[in-house]
Amino acid sequence: MRRFLLLYATERGQAKAIAEEISEKAVAYGFSADLHCISESHKYDLKTETAPLVVVVSTTGNGDLPDTARKFVKAIQDKTLPSDFFAHLWYGLLGLGDSEYTYFCNGGKIIDKRLQELGAQRFYDTGHADDCVGLELVVEPWINGLWAALAKHFLLSRGKEEMNGTLTMASDASRRTDPVTQELLHIESQVGLLSLDDSRRKDAEVLEQNAVNRGQSKTLTADFEPSLTRSIPPLSQASLSIPALPPEYLQVHLEESFGQEQSQAPVTSVDPIFHVPISKAVQLTMNDAIKTTLLIELDISKTDFSYQPGDAFNVICPNSDSEVQHLLQRLQLTDRREHCVVLNIKADTKKKEHLPKLQPRPYSCASSSLFHPGKLHFIFNIVEFWSDTTVVALRKGVCTGWLATLVESVLQPNTHASRADGEKALAPEISISPRATNFFHLPNDPSVPIIMVGPGTGIAPFIGFLQHREKLQEHHPDGHFGAMWLFFGCRHKDRDYLFREELRHFLKCGILTHLKVSFSRDAPVGEEEAPAKYVQDSIQRHSKQVARVLLQENGHVYVCGDAKNMAKDVNDVLVEIISKEVGVEKLEAMKTLATLKEEKRYLQDIW
């Protein structure tokens, strides 16, 4: 078979799954994919690779490379490499991203650009799949077009002379003898036979009517109960084209479990997992708030887990017990709830990693280890939504719902609640793992002024920033510390103003020099000026000061929170401010903001 090298760079498994799909489909088209994670550099060598290269690259965070791609990109970004280093290499690249983030598909774009700079040539146009509208809208047609592009590349590689002389003959011969083409035609014919045409539908209707006429309607209803293997009218009577059943690749059987051992698979093979107790849980919002926000404190004193303010970490969560029970009922496996499911991959299959792990959930650290030694805080909204797939019901997010249930017995109503002496609280444990180091950290020079923008739970890392700065100022009372601006927003002043007392404390102590809070749902009282509705409105009101901090005082701006609306709106306001205060066109202002990003002075932690 015609071989090509297939690499993937993944953060949460999507790029890997797509690469595996490509690898599986390749066989049917007469190709053989040599599949590897891009981090497995010992298994391939692009310097000597003669086969075409296909790369699937995801993007994480706000345009960051997946951890698995960092080593590869560092190697190819070596400035000593000549411009023809990859002149022998032909490639096609599929980038995955989300247009709600500023740097859409940036992981793929970084690799694509550098391969071009080093002389590599595309045999197939680069694809950019958008998770905002559905990756499949680009992924599926890109994969479908890949086979023709690969076939054309292999044909051209034989040489133009051979191609011109034999193209027509080869085409005719392939129609008669090419086993791959014959197999595709066979599959097509089988799919055609599986079409449920009108005649079959009429037969089904006649049988149903006869049964009713014989007084067997109750039996008929029972026979046609909807299940995982059978549908009912009108779906069962529709004209459908049913795809051919793929070959079996799994062997599944159930075994009785004689032990009580349970395990949670690690996030990755390299991440350390820490099992830590919950030492405190606090509800930060009032009961009548639209969203319920909780703060959880973890005791990490007996571990070597370490973090900086601005870091994030993973929470490893299980599926909901009630939803697992519901699935068991649908599968008619309730009586074997405690059995172990044993999966074996058939020896002759090429399919690969079939039941992906439940992905860990990332959370921002909302504390400083200087302020809370041996502790780690994080906050979250309990995700709730109505589901009407079968029965209308209020459902909760997998992780936030689990955490909320876990801390019910130790939940405190406010941040100042404390237990009586001698009272011992339950300490449920959760599993966490560190995330790769990011750049969302305070400046190394504490004299640099900073602007923090974080509505809602986006305030989390900034509480850590402020706690850290307070301790630094205590330790260095004669030090020079830059101004700290915070633009915070919530819906109602009296319902969901997170960390109100703590922020007042930081402001009173001079740690926080400017606190600007906006309330999106509160109406102005009396004659007072209407407060800013959103954080971007508040930033606009202080445009001169913001411009001075960023452009004259070499300040840093940090944005944390919603990517879909808030982060874009804040970005647009910053462009407007720079354009207005500096007196330049919008395009020039955008370039200035881009420079701030390159200098790591405009940082985003958005989702």
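Per-residue packing, averaged as other Cβ atoms within 10 Å, sorts the ranges 52-64, 488-500 into the order 52-64, 488-500, beginning with the highest. Per-residue 3J(HN,Hα) values for the stretch 580-588, derived from phi via the Karplus relation 6.51 cos²θ - 1.76 cosθ + 1.60 with θ = phi - 60°, read 6, 6, 8, x, 10, 5, 4, 4, 5 Hz in sequence order (x marks Gly and Pro).
Could you work out what % of the accessible surface of the stretch 451-541 is carbon and sulfur, using a 1.4 angstrom probe and leaving DNA, RNA and ligands out of the count? Kindly include the intermediate steps, with their values, before the conclusion.
On the way: 1990 of 4270 Å².
The value for the stretch 451-541 is 47 percent carbon and sulfur by accessible area.
The Cβ shell under 14 Å around Val276 holds other residues with a net charge of -1, Lys and Arg each +1, Asp and Glu each -1.
Site pair Glu576 and Arg395 shows an inter-label distance of 3.8 nm when each label is modelled 7 Å from Cα along Cα→Cβ. Counting charges near Ser579 (Lys, Arg +1; Asp, Glu -1) among other residues having Cβ under 10 Å from its Cβ returns a value of -2.
For Lys302, the lysines whose Cα falls under 23 Å of its own Cα, not counting residues fewer than eight places away in the same chain, are Lys280, Lys375, Lys424, Lys471.
Label positions at His475 and Glu553, each projected 7 Å from the Cα along the C-beta direction, are separated by 2.4 nm.
Once both labels are positioned 7 Å from their Cα atoms along Cα-to-Cβ, the gap between Glu255 and His505 label points is 5.4 nm. Here the calculated FRET efficiency for Glu529 and Ser306, from their Cβ-Cβ distance with R0 = 60 Å, stands at 0.85, rounded to the nearest 0.05.
Bridgeable lysines around Lys357 (alpha carbons under 26 Å apart, same-chain partners fewer than 8 residues away excluded): Lys16, Lys25, Lys43, Lys71, Lys346, Lys396. Counting every alpha-carbon pair across the stretch 450-606, the share separated by more than 20 Å comes to 51%.
Please sort 530-541, 101-112, 285-296 by packing, taking for each peptide the average over its residues of neighbouring beta carbons within 10 angstrom, highest first. All intermediate terms of the calculation are to be shown ahead of the outcome.
On the way: 530-541: 19.2, 101-112: 22.0, 285-296: 16.9.
By packing density, highest mean first, the sequence is 101-112, 530-541, 285-296.
So what's the net charge close to Asn444: Lys and Arg +1, Asp and Glu -1, counting the other residues with Cβ under 14 Å from its Cβ?
Once all neighbours under 14 Å are counted, the net charge is +1.
An oblate overall shape is assigned to the stretch 2-157, the ratio a/c of its alpha-carbon gyration tensor axes (a ≥ b ≥ c) being 1.5 or greater and a/b not exceeding b/c. May I ask you to derive the FRET efficiency for Ala17 and Lys591 from their Cβ-Cβ distance with R0 = 51 Å, giving the value to the nearest 0.05? With R0 = 51 Å, the Cβ-Cβ based efficiency is 0.85.
Backbone amide hydrogens, once placed in the peptide plane, bring Val54 within less than 5 Å of Leu5, Leu6, Leu7, Gly92, excluding anything fewer than 5 places away on its chain.
The values are calculated or read from the model by the stated rules, or taken from the named source; none is laboratory data. Keep in mind the model is a prediction, meaning the values are calculated, not measured. Note: ideal-geometry Cβ built from the backbone for every residue, glycine included; neighbour counts use all protein chains shown. Each accessible area value is taken on the protein alone, full model and side chains, heavy atoms only, with ligands, DNA and RNA left out. Shrake-Rupley method; radii C 1.70, N 1.55, O 1.52, S 1.80 Å.
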